[in-house]
Amino acid sequence: MTGHTHYQCALDLFAPDGHRPDWELALESVAFEGIRRGHLPAVTGTPRGAVGPIWHAELGEPYVGAFRALVRREGGGAASSEIPTAYVRALARSASAIFVEKGALQAGDVFTYLVCAFPTPEPAADTDSPDGFVVEEIVEPLPLDEAPLRRFVATAVAQGPPMDGDVPVFIPQSVLNEAVELSRKAGDVETGGVLLGKLHRDSALPEVFVEITALIPARHTVSDATKVTFTAETWSAVETAIALRGRAESKAGWFAVAADTRAEIVETAVSRLYSPNADNELCVLKFRDGKVRTVVARELASGRIFEQICRAARLTAFLRDVRGGESGLRVSDIDAAVANAMERLASTISARNAPAYLSDLPQDVDVIAVEPVVHKVARPMRYVNRG
């Protein structure tokens, strides 16, 4: 934890459990806001500050209504900001996972949590290094170019609803087009890139804003359908590109483009159930006259089944996210949910109830046995419905 924050925080979800928020991002945000408004010097370095509770207006101590973060810089200057308790929402979601596993909550359920804070002794300063090394942080000026914001606004088109506190970011259409093309060429694996740009400051406002100047495709990555990992060679290649361009640019951000789009997820579910070339046979009916009939998934598909599939996929994605894995719904989630649904459907049909589910069965010949189909392919497959 950065700075001196002498409170231990806990989340009360009507089953108390202790959690320790990481305030580093909050302090960095307050420090950058101070630079934007001219309250802090525009320099690099880890912000030093403190975070304390603002007590709940109705419940009072120890319940927290918000947090107050304060950052100071050596040589003068200070900035502070109020942080809502939503900052610890991820911790609340993580803590709720145990309730989902026990069935007390369903994935997607809305629950109420309260944040508590309790004073703790100030930690002693750690001046001795066990390995004999001492790390000294070098504070350098931020590379800010003076430029009028209105010049950039005049040739830009706003995207999305504006939000208070947004940092203006200007992205050329050519960079957006490159990102789309990068995703298209990647096919079934996740890809990414690094955005180059410049920081500008309009001292008359005051304001700091970002100009994106280029996209560098991420090279030497390790990628699959669900994630992309930037390696040391990736960042080395980016540094080389920056040097070769010679435009005094900096790394302004990086991005990853997921291979699993909404269309792919929907297509996977539909094709697994309906495509004639998909492995979606459920069971084989045996009739008294010796004939057999194969039942496929599309014959038993219904709105209820689709709802169950969606719920199961969301639960898998939710539990993976709160445990620190990849976020978002993946094709593999829906594929596994469909596979489980097909197993349940196969076990639903019996010799007695088959006519109730399948209206085209012969009326004069009884079903004497139902044998589930054993699927030979154990790994998930993706099918494309060409119909």
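We did not get these values from a lab; they are worked out from the coordinates using the rules stated. These figures come from a predicted structure and were not determined experimentally. All Cβ positions, glycine included, derive from the backbone under ideal geometry; neighbour counts span all protein chains shown.
So if each residue of separation counts as 0.36 nm, and I subtract the Cα-Cα distance between residue 25 and residue 336, what length gain in nm does that give?
Details: separation 311, 0.36 × 311 = 111.96 nm, distance 3.57 nm.
Taking 0.36 nm per residue and subtracting the Cα distance, the gain is 108.4 nm.
What is the calculated FRET efficiency for residue 90 to residue 245, with r their C-beta to C-beta distance and R₀ = 30 Å, to the nearest 0.05?
Values: r = 37 Å, r/R0 = 1.24.
Plugging the Cβ-Cβ distance into 1/(1 + (r/R0)^6) gives 0.20.
Just rank 68, 184, fewest to most, by other beta-carbon atoms within 10 angstrom. Write out the running numbers ahead of the final one.
Working: 68 14, 184 10.
Fewest-to-most ranking of 68, 184: 184, 68.
Between residue 189 and residue 306, what's the calculated FRET efficiency when r is the beta-carbon distance and R0 is 35 Å? Round to 0.05.
For residue 189 and residue 306, the calculated efficiency is 0.80.
Hey, if you put +1 on the Cβ of every Lys and Arg and -1 on every Asp and Glu Cβ in the range 144-257, which of 163, 235, 248 ends up farthest toward the positive end of that dipole?
Positive-most Cα among the choices belongs to 248.
Which distance in nm do the two modelled labels at residue 135 and residue 222 give, with both placed 7 Å along the Cα-to-Cβ direction?
Between residue 135 and residue 222, the label points sit 2.3 nm apart.
List the aspartates and glutamates whose Cα sits under 18 Å from the Cα of residue 198, skipping any in the same chain fewer than 8 residues away.
The qualifying aspartates and glutamates are 33, 140, 145, 146, 166, 207, 211, 239, 249.
Using a Förster distance of 25 Å, how high is the FRET efficiency between residue 279 and residue 351, based on the Cβ-Cβ distance and rounded to 0.05?
Working: r = 24 Å, r/R0 = 0.97.
Once the sixth-power term is evaluated, E becomes 0.55.
Enumerate the amide H contacts of residue 54 below 5 Å, restricted to partners 5 or more residues apart or on another chain; note that Pro and chain-start residues carry no placed amide H.
65, 66, 67, 68
Subtract the Cα-Cα distance of residue 358 and residue 98 from 0.36 nm times their separation in residues, and report this length gain in nm to one decimal.
Contour length minus Cα-Cα distance gives 89.6 nm.
What is the distance, in nm, between label points placed 7 Å from the Cα along the Cα-to-Cβ direction at residue 177 and at residue 255?
Between residue 177 and residue 255, the label points sit 1.5 nm apart.
I want to check the label-to-label distance for residue 120 and residue 157. Put each point 7 Å from Cα in the C-beta direction and report it in nm to one decimal.
Computed distance between label sites residue 120 and residue 157 equals 5.1 nm.
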